[in-house]
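Shown next, in structure tokens, is the structure this report addresses.
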Amino acid sequence: MVNNKKIPFKVSARTARLIGRENIATAKGAIIELVKNGYDADSPISIVFFDNRYSILHTDLTESLFNELVDKGIDKNLLLSVYEYSVDCYKIKNAIDNDILKDLKSKLSPLSSLYIVDAGEGMTQKIIRDNWMTIGTDNKAHNYFTKTGRVKAGAKGIGRFALDKLGSKAEMLTFFNPDNHETDIDEDNQPTPYIGYKWTVNWEDFEGEFKTIENVAAELTGVQNSYLSAHLTQALPKHILEKIPRIKNLEYGTILKITDLRDYWDNYYVEQVYSDLEVLVPPRETNEFSIYLFSSLNPDDYGEVLGSICDDFDYKIIARADDQQNVEIKVIRNEYDISSIPVEFFSRPAMNAYPYTRNDFIKGYWKTNKTFSQLLPGYSEVDSDKTFNDIGLFEFSFYYMKKIYSTPDAERFFYRSISSSARKDWLQKFGGIKLFRDNFRVRPYGEIKDVAFDWLGLGNRKAASPAGIAKKDGRYRVEPENVAGAIKISRLTNVNFEDKSSREGLQENKTFQIFKELIASIINIFESDRSYIAREMNDYDDERYSDIRSRQEAEGIARRILEQSREKKNSERNKSTNHKDNTSNNNASYDLKDQQLAIIAELNEKKDEEIERLKEEQKVLRGLASSGIVLASFSHDLSKLNSRLESRFEKLKKLISEKINEIEYIDVENRKNPFYLMQNMREQDLKLKSWLAFSLGAARKDKRKRKQIFLKKYFSDFKVDWLSVLEDRGVNLDISNIEDLDMRIFEIDFDSIFNNLLVNTIDAFNSSANSLRSIIISVTSTQREIVINYSDNGPGLSKDIENPEKIFEPLFTTKRNPHSGEEEGTGLGMWLVKSIVEENDGNTKLLYPECGFGIRMSFPVKYKR
């Protein structure tokens, strides 16, 4: 028997490659990780310098550049096999063997190097040994703040492995600030005489079979006699030193030099890094942290990286969430030319309330306060995990910028003039909603041309609801390509937002999913405001000009028809001169016909609008009808199944009873008693039979005919249809107060109304602690109307709904997935109830009992028989 012993894990040297080269997604991302290290070191500046002058295969080489390449070790014969001398320079040959070109490129690539410089606090030997050389150190995870109060951007302790992503060799020169560090000590805890260190590593040393990481070492050399500025003047070209004069006075900081680069850094890729750095930090007014980028290949093309502050927008939202789940929202309108909007427009009833008055427009903004629950109504009631508590503080700036508009739209909606080309260029560079944590961008959210550009799913929202801005039902959704924005979070206040180890985004957990839903709901405040104003402006425009436009169209049609008739008459006259009298008569006939067609055209336009609205409703109803069509298609088979359900239990019991006696199982536990199990099966069969009878009855053709319905009988049958469901859930349906009335109405309409109401009540009861569940339906009549009241004693409407009438809007629902926060209900039930009642000349009114939900439906007495 072997004695128990503990054995340690061994870490392969290849781990460094997995963490760096293979884990970090892109070289651009690796550079950004190293720039963040400078920020965490309290540096006021970061410099990224691509020394790529010699690494590119130039089409022309000056004599001096040719000689420089030879001096740097490029074989002269290899160069001459690619270039030939012509007049005053070397030009690339027309036909070159691909293998030779590949060989030259491989020789040129090592001539490039990449420098990343910061002027931070530097590193002592102890910090290099214990932090820099420790994989996955948790130093930044616990020490959130820098000496100057910055919140550190890093946390995983693997950022330095970004060096391996960029090149196979790395060299670091670091000079530490003694005022910010403890006394520098060596491995024996003895003070050292050094003011800085040179650290070098060859990442290829980590390759090879059976190597463990403790057997691979970096080289560390102490530096005694110089400071950072002396090394910078040697490493950086003169034009960089001239653009950043303070370089010459820097004492402390770090220089990273990466050689044997793994990527081909021509101007195209350098430009991409510059663009990424432009959106690395949010637009700012202070110069707390400046970033510079330079390239020796194109020395005049780059410089300080400046983020752009957007000041040409149509709408802007500023939202700030506090630790009590309150969100202060400011909506800034900049889309309208206020001076061109007639004063009478603001006398419309819809424009008399805040925030739509003329004074609100002149002020240019309005404010509102929402809670998380109001932004996602209904979610807090189903979320047992209390996810709202995990979200924390955040700030959100949102910009909407339309890129183009038509002249008729500008006149109808009173748009101010814009520069379309400037907006397109700006959005192409800075568009998308980006996420920043502690003032550093979390990639790849909102990144142009990346799959995560539309990480909030605005495009899917638009596809699901492609309605125009002036659509009557108000379901306008914004396009992702016309927006920009920044969301600011922090490691301190948003602790549940964790990095992926790849440094590409945050972990997709429940908290982050609900956070995205909240952001989308804030955006919806802008969408609702813009579409509300657009609808009123559209209606106002129609009232002022619809008659004129219709008449102009009609006149245009009439003119075209008249021209056609004259052409026809002239052609006929040329053919024969014997029909002059008939021509006169024909002319009068054509004039009358033109007038009639013009009138028809005008009426047709109005009808087109009505048809378009009905088509939209038809699409919704078509989807609802699909399930009914499938059910009707299988009604014959289902009816056969329904007839067998009740009898099969008796047959099965009879057969088993011939073999065994039921009395023998009286004292046997239920799970082993076949007769008990069969009784359970019978109860399930009865429930299924009830559901099938209900479903098949809903598809009967006679329900689609307007006929005389006796209300007492209707509700009695209705109760029977739902009885098994109601009993199963402990719900009492009270229909004792039904007057002896009959109505002439479509039975299927009544089914739609009360089935929807009952389903909503049952869903509400599921989240209610009330054990005495009841539904009351009453019918009374007066000389003028028939009144049907429906009420329950459930939890009632969600308290998060600010305007209860909103439940009648299509697609509005408070049923949400408790895990993701996404809407689960169709949002059509109450809309159907109201639509059906109004279609039958009735009206709906919400009732407000002390507890529960109530609605009154009134029908004119003309439906009474």
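Of all residue pairs spaced 6 or more apart or on separate chains, those with beta-carbon atoms under 7 Å, a first member in segment 338-351 that is farther than 14 Å from Arg544 by Cβ and a second member that is among the polar types (S, T, N, Q) are Phe346/Thr357; Met351/Thr357.
Criterion applied to Glu822, Glu850, Glu802 was being of a type in the set (Asp, Glu), surrounded by fewer than 17 Cβ atoms within 10 Å (Cβ to Cβ) and touching a strand residue (DSSP E or B) at 6+ places or on another chain (Cβ under 7 Å), and the one residue passing it is Glu822.
Applying a threshold of 6 Å to beta carbon distances and a minimum spacing of six or more residues, or different chains, the list of pairs starting in segment 672-691 at a residue that is under 15 Å from Glu650 (Cβ atoms) and ending at one that is modelled with pLDDT under 75 reads Arg682/Phe649; Asp685/Leu645; Lys689/Asn642; Lys689/Leu645. Of the listed requirements (1) buried (at least 16 other Cβ atoms within 10 Å of the Cβ); (2) of a type in the set (Phe, Trp, Tyr); (3) over 30 Å from Asp179 (Cβ atoms), Tyr268 misses just one: (1). The residues of segment 299-337 that are over 17 Å from Ile487 (Cβ atoms), touching a strand residue (DSSP E or B) at 6+ places or on another chain (Cβ under 7 Å) and charged (D, E, K, R), listed by number, are Asp301, Glu304, Asp314, Arg333, Glu335, Asp337. Screening Asp311 against (1) over 21 Å from Ile31 (Cα atoms); (2) assigned to a strand (DSSP E or B) leaves a single unmet condition, (2). Close contacts from segment 244-262, counting a first residue that is charged (D, E, K, R) and a second that is surrounded by 15 or more Cβ atoms within 10 Å (Cβ to Cβ) and in a loop (DSSP other than H, G, I, E, B), with Cβ to Cβ under 6 Å and a gap of 6+ residues or different chains, come to Glu251/Tyr227. Quick one: is Ser767 out of contact with any strand residue (DSSP E or B) (no Cβ under 6 Å at 6 or more places or on another chain) and within 30 Å of Gln684 (Cβ to Cβ)? Spelling it out, Ser767 is indeed out of contact with any strand residue (DSSP E or B) (no Cβ under 6 Å at 6 or more places or on another chain) and within 30 Å of Gln684 (Cβ to Cβ). For first residues located in segment 22-43 and touching a residue at least 40 places away in the same chain (Cβ under 8 Å), partners that are surrounded by fewer than 21 Cβ atoms within 10 Å (Cβ to Cβ) and small (Gly, Ala, Ser) and lie 6+ apart or on another chain with Cβ distances below 9 Å form the pairs Asn23/Ser501; Asn23/Ser502; Ile24/Ser502; Ala25/Ser502; Gly29/Ser502. Residue check: Ser81 meets all listed conditions (1) modelled with pLDDT under 90; (2) surrounded by fewer than 18 Cβ atoms within 10 Å (Cβ to Cβ) but one, namely (1).
Residues that are within 28 Å of Thr26 (Cβ to Cβ), in contact with a Pro (Cβ under 6 Å, 6 or more places away or on another chain) and in the same structural domain as Tyr379 (by TED's automatic domain parsing) do occur in segment 475-492. When the residues of segment 762-779 are filtered to those that are of a type in the set (A, V, I, L, M, F, W, C) and in a strand (DSSP E or B), the one that is farthest from Lys713 (Cα to Cα) is Ile775. Kindly evaluate Gly154 against the criterion of being buried (at least 18 other Cβ atoms within 10 Å of the Cβ), modelled with pLDDT under 90 and either farther than 26 Å from Arg21 by Cα or in contact with a helix residue (DSSP H, G or I) (Cβ under 9 Å, 6 or more places away or on another chain) (or both). Taking the combined requirement at face value, the residue satisfies it. Of the residues Lys462, Lys429, Lys449, the single one that is out of contact with any strand residue (DSSP E or B) (no Cβ under 9 Å at 6 or more places or on another chain), of a type in the set (D, E, K, R), in a loop (DSSP other than H, G, I, E, B) and not assigned by TED's automatic domain parsing to the domain that holds Ser820 is Lys449.
Look at segment 355-371: where a residue is closer than 19 Å to Asn524 by Cα and a partner is β-branched (Val, Ile, Thr), sitting 6+ places away or on another chain with Cβ atoms under 6 Å, you get Tyr365/Ile332; Trp366/Val331; Thr368/Ile329; Lys370/Val327. Count of segment 168-195 residues, restricted to those that are assigned to a strand (DSSP E or B), of a type outside the set (Val, Ile, Thr) and touching a helix residue (DSSP H, G or I) at 6+ places or on another chain (Cβ under 8 Å), is 5.
From the list Thr826, Thr844, pick out the single residue that is assigned to a strand (DSSP E or B), polar (S, T, N, Q) and within 40 Å of the chain's Cα centre (by Cα). Lay out the reasoning, then the answer.
Working: Thr826 fails: assigned to a strand (DSSP E or B).
The match here is Thr844.
Where residues in segment 757-799 are closer than 22 Å to Asp841 by Cα and among the aliphatic types (A, V, I, L, M), which of them is surrounded by the most Cβ atoms within 10 Å (Cβ to Cβ)? Across segment 757-799, the extreme among qualifying residues is Ile788.
Say we look at segment 412-434 and pick out the residues that are at pLDDT 90 or above and among the charged types (D, E, K, R); which of these is farthest from Lys488 (Cα to Cα)? Taking the candidates together, the pick is Arg412.
Taking the numbered list (1) without any contact (Cβ under 8 Å) to a residue 12 or more places away in the chain; (2) closer than 27 Å to Gln507 by Cα in turn, Leu458 passes all entries but (1).
Look at (1) surrounded by 15 or more Cβ atoms within 10 Å (Cβ to Cβ); (2) free of Cβ contacts under 8 Å to residues at least 60 places away in the same chain; (3) over 30 Å from Leu828 (Cα atoms) and you find that Phe512 fails only one, number (3).
The values are calculated or read from the model by the stated rules, or taken from the named source; none is laboratory data. None of the values given here were measured: they were computed from a predicted structure. Positions of Cβ are backbone-derived with ideal geometry, glycine not excepted, and every protein chain shown enters the neighbour counts.
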